[in-house]
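Have a look at the structure below, then the notes.
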Amino acid sequence: MTVKLMQGNEACVAGALKAGMKFYAGYPITPSTEIAELSAEELPKVGGKFIQMEDEIAGIAATLGGSLAGLKSMTATSGPGFSLKQENIGYGIITETPCVIVNVQRSGPSTGLPTSPAQGDIMQARWGTHGDHSIIVLYPSSVKEIYYTTIRAFNLAEKYRTPVILLLDEIIGHMREKIEIPENDDVEIIDRKKPTCSPSEYKAFKVQDGDVVPEMAAFGEGYRYHVTGLVHDETGFPSGNELVADKLLNRLIDKIENNKEDIVTYEEYMLDDADIAIVSFGSIARSAKSAVDSLRSQGYKVGLFRPITIWPSAEDQLEELGKKMKKIFVVELNAGQYFLEVDRIAGKHTKVNKYGKINGDIITPDEIVAVVKEDQNA
Amino acid sequence: MKRWELRFSGAGGQGLITGGIILAEAAILDGKNALQSQSYGPEARGGASKAEVIISDEEISFPKVGRCDLLLSLTQLSCDKYLETLKPGGILVIDDSVVTPERDDIKIFSIPILSTATTKLGKPMVANIIALGAIHSITSIVSQESLQKAVLSRVPKGTEELNKVALKEGYELVK
């Protein structure tokens, strides 16, 4: 058992290496820079490669290339860097190229408050790239959870052949906290399924019976195929046929939306007998957890619902929450982004309030306690 | 053990963040929970810099230090800036070059941390280690054994003996 003090960004790299990351391409930006620095230091030790590209766009482009060449690949960024990556996130989605994109959120828009925390990219992570698509977005809340969620991000990327976005924020990315990693950590590691047919029979985008995604050959292994951001048929070559487009684009959405049971994870805290729920994630969920403890000690029946998978959302669970709770507060370090999703789902059954902040300050437990009490005593 | 919240303040380059990391690592060696956070940006170079540590037997949810139980200030600027964040009944540890503030609701230890490092040991960079020794003598927040182990695993190779001496000087500054 390794017990040590570890920084959040450091745990992300440790998790990525455990998952089998062999390639990192990116461009450093606060507060994500430690992820690049540590990847540069550690990847050569495991036979991997690190490359600093000329900007964030090139960073994700090379990440996708590394993955097509067969290596588990990652890039990390923040703020304006995440904006720059959006086009190629879409390219990764339509070409079904597994990779992990870490966004250590900071205050925006634009260069905003570069060293201040925010949770302002919740909707950008979902809809930042253009066109209809689905996407997997994960958001851990502690250093230990960053380690395991990064492993999971790689696993889901490989399993569903899709870019996975790992959201962190300045607070959990930079803080150091105790982490325990078992010596023989037999955590599941998933690798993409490779073709078993001969190269001449290989159809790069054909889903075999019983599979969710096509088998993926690595470039350089003799399986030649075409990769394009255009709508393509099973061979990978472009097609303008509406049936082909319908089949491909719906398959890309369905492979995620139809597997929510496998993808969606969350934590419930003190919800069993609660009639008030707080929905919160990432660093701010830690404030919310303290607030729940404090409100409980004052007699309020409050609990916390913490989505770890942000997208796709925990639709069934949020619907149940709406039916059970008299009130739901969505507490997030933005002007009310996830509130829109929670209100869409739970708002049919109960009143959903939002509480947020966009001035670069953290939300404290005392603030949340005051918000709930003011509402309840009104 | 209650939840201890400590704020180390001074000037950028005084090793306060390293000091915070060492204290948190010592607490973990003692089997406790510990969390360390720091400020970034303009504050991290020159001006008033700070590192924050939370130590507890229980789970640490909220990761930030608000009103602290112990404030270390190595410079006048940082003491002026952060004094109001020290809880009533809290402990203030200041370098003796800092003017002792007028607050009668706290315990104040004014000790020669910087001059011990610079004049007695001839190494200004060990001020943070001397401060950790003094804080240990005042609070016993971590065990002496864990503190020394944590110091020795963080400092550069070849400076182990110097840092052991610095720690001892710190222990003896407060008796």
Environment charge at residue A:112 (Cβ cut-off 15 Å; Lys +1, Arg +1, Asp -1, Glu -1): -2
Listed by chain and number, the residues whose amide H is under 5 Å from that of residue B:49, excluding neighbours fewer than 5 places away on the same chain and using placed H, are B:10, B:11, B:12
Number of partner chain Cβ atoms within 10 Å, mean per residue of B:15-26: 1
Expressed as a rounded percentage, what relative contact order does the range A:267-376 have, with Cα pairs under 8 Å and six or more residues apart? 30
Given Cβ point charges of +1 (Lys, Arg) and -1 (Asp, Glu) and nothing else, what value in debye, to the nearest 20, does the dipole of the protein assembly as shown about its Cα centre take? 720
For helix A:33-42, report the angle its Cα long axis makes with the longest principal axis of the Cα atoms of chain A; keep it between 0 and 90° and round to the nearest 10°. 50
Identify the residues of the range A:364-378 with backbone N under 15 Å of a label point that sits 7 angstrom from the Cα of residue A:326 along the Cα-to-Cβ direction, or state none. A:372-378
Using the per-residue mean of other Cβ atoms lying within 10 Å as a proxy for protection, in what order, highest first, do the peptides A:267-277, B:95-105 fall? A:267-277, B:95-105
Per residue of A:285-293, count partner chain C-beta atoms within 10 Å of its C-beta, then hand back the mean as an integer. 3
Separation of the residue A:253 and residue B:157 label points, Cα + 7 Å toward Cβ, nm: 5.9
With both partners inside the range A:267-376, how many of the DSSP beta bridges are antiparallel, as a percent to the nearest 5? 20
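Across peptide A:168-176, how many C-beta atoms of other chains are within 10 Å of each residue C-beta, on average?
Across A:168-176, the average partner-chain Cβ count within 10 Å equals 4.
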Could you tell me how many degrees, from 0 to 90 and to the nearest 10, lie between the Cα long axis of helix A:143-160 and the main elongation axis, the longest principal axis, of the Cα atoms of chain A? 40
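Determine the sum of side-chain charges near residue A:365: Lys and Arg each +1, Asp and Glu each -1, restricted to other residues whose C-beta is under 11 angstrom from that of residue A:365.
Cβ neighbours under 11 Å give a net charge of 0.
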For chain A, what proportion of DSSP beta bridges, expressed in % and rounded to the nearest 5, is antiparallel? 30
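Could you work out the helix-only [θ] at 222 nm for chain B, with each DSSP H run of four or more residues adding -39,500 (n - 2.57) and the total divided by the number of residues, to the nearest 500 deg cm²/dmol?
-10500 deg cm²/dmol
Of the listed peptides A:341-351, B:48-58, A:159-169, A:293-303, what is their order by residue-averaged count of other C-beta atoms within 10 Å, with the highest listed first?
A:159-169, B:48-58, A:341-351, A:293-303
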Can you tell which of A:122, A:263, A:181 shows the greatest fluctuation in a Gaussian network model of chain A with Cα springs below 10 Å? A:181
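Near residue A:158, within a Cβ-to-Cβ distance under 10 Å, what is the net charge of the other residues, with Lys and Arg +1 and Asp and Glu -1? Write down the numbers at each step before the final one.
On the way: positive: A:72, A:159, A:161, A:192, A:193; negative: A:191.
Within the 10 Å Cβ shell, the charges total +4.
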Could you work out how far helix A:365-376 tilts from the main Cα principal axis of chain A, as a 0 to 90 degree angle to the nearest 10? 60
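Since every read-out is calculated from the coordinates, none of them should be taken as a lab result. Model, not experiment: these values are computed from the prediction. Every residue, glycine as well, gets a Cβ built from its backbone with ideal geometry; the counts of neighbours run over all protein chains shown.
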